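Derivation of every value follows stated rules applied to the coordinates shown; laboratory data play no part. No experiment lies behind these values; they were computed from the predicted model shown. Because the Cβ atoms are built from the backbone with ideal geometry, glycine has one as well, and the counts that use them run over all protein chains shown.
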Amino acid sequence: MSQITPVLKREFLGYFRSPVAYVFLIVFLVASVGLAFFVGGFFKANQASLQSFFVFQPWLYLFLIPAIGMRLWAEERRGGTIELLFTLPLTTLDAVLGKFFAAWAFLVLGLALTFPLAITVGWLGDPDWGVIAGGYLGSALMAGAYLAVCSLLSSLTKNQVIAFVLGVVVNLVLVFLGWSVFNGLLSGFLPVPAVDFIANLGFIPHFDAFAKGILDPSDFAYFGSVIALALTLNYVALER
Amino acid sequence: MIEVKGLVKTYGNKRAVDGVSFTVRPGDILGFLGPNGAGKSTTMKMITGYLRPDAGTATVAGIDVAKDPVAVKSRIGYLPESAPAYGEMTVVEFLNFIGEVRGFRAAATRREKVERALALTHLESVRRQAIETLSKGYKQRVGFAQALLHEPPCLVLDEPTDGLDPNQKNEVRSLIKSMAADRAVILSTHILEEVDAICNRIIVISSGKVVVDETPDAFRARKPGARLDAIFRDLTSADA
Ligand SMILES: Nc1ncnc2c1ncn2[C@@H]1O[C@H](COP(=O)(O)OP(=O)(O)O)[C@@H](O)[C@H]1O
Ligand SMILES: [Mg+2]
């Protein structure tokens, strides 16, 4: 287990060895703040909260997280470094966890850089800080779930473009399952309990709870299970 | 030191390695010869724990690689074919990463190991250069430095002189010789002069099977007066 650290460190610092990190962080900031301001009506809503910021995150992550996750394993396969990595004295699990936590930490860094937005809200009004903290926590957990799915898909190919497209598609399904518009359509021909069940498989209902400041253990368990399941499959795919 | 018994590996319906057995003792430099596609790399990948054999065993210092891969990996220095490395890292960053995974957690010890490896492979002048900007010869040396950093009892080198110019080849050969004293070394090649220059044992492999296992002198005595490559051609013509 102690072998996770060197992998994590190399991977995390690796983001800053190329322009990718800076491009990603800037796009993430501009897009999330831009959506909140111009589409979400951050100021018009006239309320001291980050609701208009968080509401777009499941959609933003849909493209941004596959962009980070696509290279995790595909790049190692393409460059042949996977052979180097797996002939070093570490286990497959060490490598899977090291890479996952490095990329997750990088995403959480991006998220943390949006914090001036929260400070602005605090300066303009009197927000409920508990709700804001819940939103950030939920967003970080949700990012982990998207990322775990992308890590799994990246391990199936040596082509990063394929890994990206698969990541968008699979995550899109997970977003759609819990999207109110889609659930509205379903309720036209499915009984309510069935629709609820389907909705609960998706990201949005669980994230919404966090964004409202509700910390329900079942929402933690949901994101935790998605991460654990995806990483287990990732491990199995690499062990084959 | 390295003991291989009845190794078999099949890709789809192609048997790449078909019952390969041999032993390498400390002090041996084993030349692993065969035409392209004979199964040299596949055999090495099974010894180093990158691929799981379909049948047979590989043990290093009495440890079965299938039973305790991490223990075996920590005793081997492996230079995979074409010396893969993380191109965006500098030489020193990369070797530091290897040192960390190899268990040298104290910065001072690690620096010492890295400096020693840099000196042995004459990499000091490019230490701060990104690996992807290095010439083929230097990249190969980085692969070497990585393989011998932890002073392993076993070295597995897959075509270590491939793509080097004659001077670099000579340099690599004397490096291998100097390291071999109390180590078990396997090096694969399809160049005969190489074996003649440094190996004290020859194994010829053809279509996944060992066809010769003897000393260079015995090999030469097979057809007195003939050039080595003529003997080699006779032995492996089935592959063409
Ligand atoms: N990943 C793979 N998938 C399918 N066939 C492979 C793979 N790797 C090697 N082979 C085949 O196995 C045989 C042995 O390959 P290899 O061990 O690389 O030979 P060598 O190193 O002696 O040139 C070749 O016919 C090669 O085409
Ligand atoms: Mg080969």
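Details
- If you run the Gaussian network model on chain A, springs between alpha carbon atoms under 10 Å, then out of A:80, A:224, A:178 the most flexible one is A:80.
- With 27 Å as the limit on Cα-Cα distance, the pairs of A:9/B:139; A:158/B:40; B:136/B:223 that go past it are B:136/B:223.
- Dipole of chain A, positive end: most advanced residue of A:164, A:209, A:41 [Cβ charges, Cα centre]: A:164
- The range B:72-86-the range A:88-127 distance, computed between alpha-carbon centres (Å): 33 Å
- Taken along its three principal axes, the alpha carbon spread of the range B:111-167 comes to 27, 26, 19 Å, from the longest extent down to the shortest.
- Estimated 222 nm signal from helices in the protein assembly as shown, with DSSP H stretches of n ≥ 4 weighted -39500 (n - 2.57), rounded to 500: -17500 deg cm²/dmol
- Cβ-derived FRET efficiency at R0 56 Å, residue B:196 paired with residue A:137, nearest 0.05: 0.25
- Working note: Cα gyration tensor of the range A:97-240, eigenvalues times five, square-rooted, sorted largest first, giving semi-axes of 27, 23, 13 Å.
- Sequence of A:129, A:179 once ranked by neighbouring C-beta atoms within 10 Å, starting from the fewest: A:129, A:179
- A Cα-only calculation for the range B:83-151 places Rg and Dmax at 10.7, 32 Å.
- Number of partner chain Cβ atoms within 10 Å, mean per residue of A:88-97: 4
- Shown in residue order for the range B:116-129 are the 3J(HN,Hα) couplings computed by the Karplus curve 6.51 cos²θ - 1.76 cosθ + 1.60 at θ = phi - 60°: 4, 5, 4, 5, 4, 9, 6, 10, 4, 5, 10, 4, 9, 9 Hz (x for Gly and Pro).
- The string of couplings for the range B:63-77 from the Karplus curve (6.51, -1.76, 1.60, θ = phi - 60°) is 9, 6, 5, 6, 8, 9, x, 5, 5, 5, 4, 6, 9, 10, x Hz, one whole number per residue in order, with x for Gly and Pro.
- Cβ-placed point charges (K, R +1; D, E -1), dipole of the protein assembly as shown about Cα centre in debye, nearest 20: 700 debye
- Top of A:32, A:18, A:52 by mean-square fluctuation, Gaussian network on chain A, Cα under 10 Å: A:18
- Note on residue B:181 and residue B:5: with the Förster distance fixed at 35 Å, the Cβ-Cβ geometry gives a FRET efficiency of about 0.85.
- Under the Debye formula (equal points on every Cα, no solvent term), log10 I(q)/I(0) of chain B at q = 0.09, 0.10 Å⁻¹: -0.38, -0.47
- Distances between placed amide hydrogens fall under 5 Å for residue B:155 paired with B:77, B:184, B:185, B:186, all partners being 5 or more residues away or on another chain.
- Projected onto their three principal axes, the Cα atoms of chain A cover extents of 57, 46, 31 Å, largest first.
- Overall dimensions of the range A:144-218, expressed as equivalent-ellipsoid semi-axes from the Cα gyration tensor (√(5λ), whole Å, largest first), are 27, 17, 9.
- Applying the Kirkwood pairwise sum to the alpha-carbon positions of the protein assembly as shown produces a hydrodynamic radius of 25.2 angstrom.
- Per-pair calculated FRET efficiency, R0 = 56 Å: residue B:217 and residue A:225 via Cβ, rounded to 0.05: 0.30
- Leading residue at positive end of dipole, the protein assembly as shown (Cβ point charges), from B:190, A:50, B:19: B:190
- Partner shielding of A:15-26 amounts to 1, given as the average count of beta-carbon atoms from other chains within 10 Å of each residue beta-carbon.
- A simple spin-label model places the labels of residue B:36 and residue B:125 3.1 nm from each other, with each point 7 Å out along Cα-to-Cβ.
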